[in-house]
Amino acid sequence: MYNLHAHTFLSDGDLLPSEVAVRYQSIGYKAIAITDHADYSNIKPISTSIVEFCRKWPKDSAIKVLPGIELTHLPPEQFKPLASLARKIGVKIIIAHGETPVEPVVKNTNRLALNADIDILAHPGLITDEDTSLAAKRGIFLEITSRHGHSQANQHVVNQARKFKAKLILNNDSHSPEDIISPDKLIQVGLNAGLTQEEINKIYKDTEDLINRRGGKYAG
Ligand SMILES: [Zn+2]
Ligand SMILES: [Zn+2]
């Protein structure tokens, strides 16, 4: 079981990366990505820290920890340069903080993020036909989330992904200990969004492929 979206106190989470990893491991997760919020002010220090943390994480651990980042509330034209900077530093999982219905996210964020070198468009809100088809074409995952507020658009995202054959991912977006829910509860979020068990199996297969493709030595 996997969750490729988790925050630590490198941004607005409550816990140290080690504690996040240990808590996920203790409830049965096999791989996570640490994906703290970044913009031009902090991308270099937090990417460098998280890459170093993941490189030092024991390779024989029961949980793989991948270095990630969540590009958040950027002026949309900055998604491209910041995604490429994060890749250069060694970040493997790049998330863009999409047009959630519960925050004033800048217009065209979904579109410009989907044109950058990202892996996952998080909480894309009421994503349009054009943007869903762009995600499908570029192989970028659209996120179904357990996060309160952001999750209001889950059903819309499922319907759009079906219509345009875009890939989905089930993520936790945890910030605090109480957000670190079990794999079963995360699957329940998917079922509540209207996914079938068969579609959920496909999501985990696609997620595993992403972990193997991007994770390299971290994915073991
Ligand atoms: Zn976000
Ligand atoms: Zn997040």
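The values are calculated or read from the model by the stated rules, or taken from the named source; none is laboratory data. As the structure is a computational prediction, the values presented were derived from the model and not from experiment. For the accessible areas, the whole protein counts, side chains as well, though only heavy atoms, and no ligand, DNA or RNA atoms are used. Shrake-Rupley method; radii C 1.70, N 1.55, O 1.52, S 1.80 Å.
Jot down the radius of gyration and Dmax of the stretch 126-171, Cα atoms only, both in angstrom.
9.8, 29
For a quick check of understanding: with a 1.4 angstrom probe and all protein chains in place, what accessible area in square angstrom does VAL20 have, to the nearest ten?
VAL20 exposes around 0 Å² with every protein chain in place.
Can you tell me what percent of all Cα-Cα pairs in the stretch 109-207 are more than 16 Å apart?
Working: 2475 of 4851 pairs.
Of all Cα-Cα pairs in the stretch 109-207, 51 percent lie more than 16 Å apart.
Roll a 1.4 angstrom probe over the protein heavy atoms and tell me the percent of accessible area of the stretch 52-182 that is carbon or sulfur.
The computed percentage sits at 52.
With the cut-off at 25 Å, tell me which of the pairs LYS165/LYS205; LYS44/LYS64; LYS59/LYS137 have Cα atoms farther apart than that.
Numbers: LYS165/LYS205 15 Å; LYS44/LYS64 23 Å; LYS59/LYS137 34 Å.
Violating the 25 Å limit, Cα to Cα: LYS59/LYS137.
Relative contact order for the chain: what percent, with Cα pairs under 8 Å and sequence separation of 6 or more?
With pairs under 8 Å counted, the relative contact order is 20 percent.
Per residue, how much accessible area does the stretch 1-130 show when a 1.4 Å probe rolls over the protein heavy atoms, in square angstrom? Before the final figure, lay out each step's value.
Details: 5300 Å² over 130 residues.
Heavy-atom SASA per residue in the stretch 1-130 reads 41 Å².
Order HIS73, HIS150, most accessible first, counting only protein heavy atoms with a 1.4 angstrom probe.
Per-residue accessible area, sorted high to low, gives HIS73, HIS150.
Can you put LEU71, LEU85, LEU112 in order of accessible area, largest first, using a 1.4 Å probe?
In descending accessible area the options line up as LEU112, LEU85, LEU71.
Which percent of Cα-Cα pairs in the stretch 19-151 sits in each 10 Å bin, short to long?
Result returned by the calculation: 13, 41, 34, 12, 0.
Taking the Cα centre of each part, how many Å lie between the stretch 109-134 and the stretch 36-72?
When both Cα centres are located, 23 Å separates them.
For the full complex of protein chains and a 1.4 angstrom probe, list SER84, SER174 by accessible area with the highest value first.
SER84, SER174
Top mean-square fluctuation among ILE63, ILE181, ILE118, Gaussian network model of the chain, C-alpha springs under 10 Å?
ILE181
Counting helices only, and only those DSSP H runs with n ≥ 4, report the 222 nm mean residue ellipticity of the chain as the sum of -39,500 (n - 2.57) divided by its residues, in deg cm²/dmol to the nearest 500.
Dividing the helical sum by the residues of the chain leaves -12500 deg cm²/dmol.
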